[in-house]
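Engineer: Below are the structure tokens for one structure; questions will follow.
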Amino acid sequence: MSLEPYTPTDGMSQPLTRADVEQLVQEVGESAKLDLSWQNMRGIDLSEFDLAGARLDRANLTAANLSEANLREASLVGATLCGANLVAVNLSEANLAEADLIGANCIIANFSKADLRKANLSRAMLLMSNLSGATMEKANLSGVYMCRAKMSEAILCEANLSGAIMKDAHMSEIEKALLYNRGVIDLEKVRVIAE
């Protein structure tokens, strides 16, 4: 199967289907060799799909269903995941730098040690997500809902946290102190964990 790059102005590009992706994985032998960069996968259902190590840079995954998918160590640099269903997805150690996750549903998602530098997570739902060790430097986290999220060792340098809700999020006392006067809602209700 040959793939043509997707461009946002290309109205003729039909989104890939789950069957297309399954065929492509078979052709390359394993998900780590799969390159879906620049592909239109708008609305695709890849729930419970194994895409560990796959390349999805700049892919259009708007409104895609990736619930319970394995994207460990995948590259999604600059990917569009607006409104995507990422419930219980495994994105540990994935590269999501500059990715667009506006309004994405990331309940109980695993972002541990993920690279989210300059990613846009505004209004995303990160309830009970694991963000331990994630790099969110210069990320847009405005209006994000991070209640009960695990955030130990997460890097939030220069991140936009205005209106971020972090009630019962877990982090160290030092990490919590670094969030004062950064627009976080319910900061006093953050749970401090032992270092």
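The values are calculated or read from the model by the stated rules, or taken from the named source; none is laboratory data. It should be emphasised that the depicted structure is a prediction, and the values quoted were computed from it without experimental measurement. Here Cβ is always computed from backbone atoms with ideal geometry, including for glycine, and neighbour counts include all displayed protein chains.
Engineer: For region 32-41, does any single residue satisfy the condition of being at pLDDT 95 or above and within 18 Å of A114 (Cα to Cα)?
Structural biologist: Yes: region 32-41 contains one or more residues that are at pLDDT 95 or above and within 18 Å of A114 (Cα to Cα).
Engineer: Additional query: Within region 72-85, does at least one residue satisfy the condition of being assigned to a strand (DSSP E or B), of a type outside the set (A, V, I, L, M), within 11 Å of the chain's Cα centre (by Cα) and under 22 Å from G133 (Cα atoms)?
Structural biologist: yes
Engineer: Is it the case that A63 is surrounded by fewer than 19 Cβ atoms within 10 Å (Cβ to Cβ), among the hydrophobic types (A, V, I, L, M, F, W, C) and not in a loop (DSSP other than H, G, I, E, B)?
Structural biologist: no
Engineer: Just to be sure I understand the filter: pairs with C-beta atoms under 6 Å, separated by 6 or more residues or on different chains, first member in region 119-145 and at positive phi, second member polar (S, T, N, Q). Which pairs pass?
Structural biologist: Here the result reads G133/S112; G143/S122, each pair linking region 119-145 to a residue that is polar (S, T, N, Q).
Engineer: Has region 60-76 got at least one residue that is touching a Gly at 6+ places or on another chain (Cβ under 6 Å), modelled with pLDDT of 95 or more, of a type outside the set (D, E, K, R) and closer than 29 Å to A194 by Cα?
Structural biologist: no
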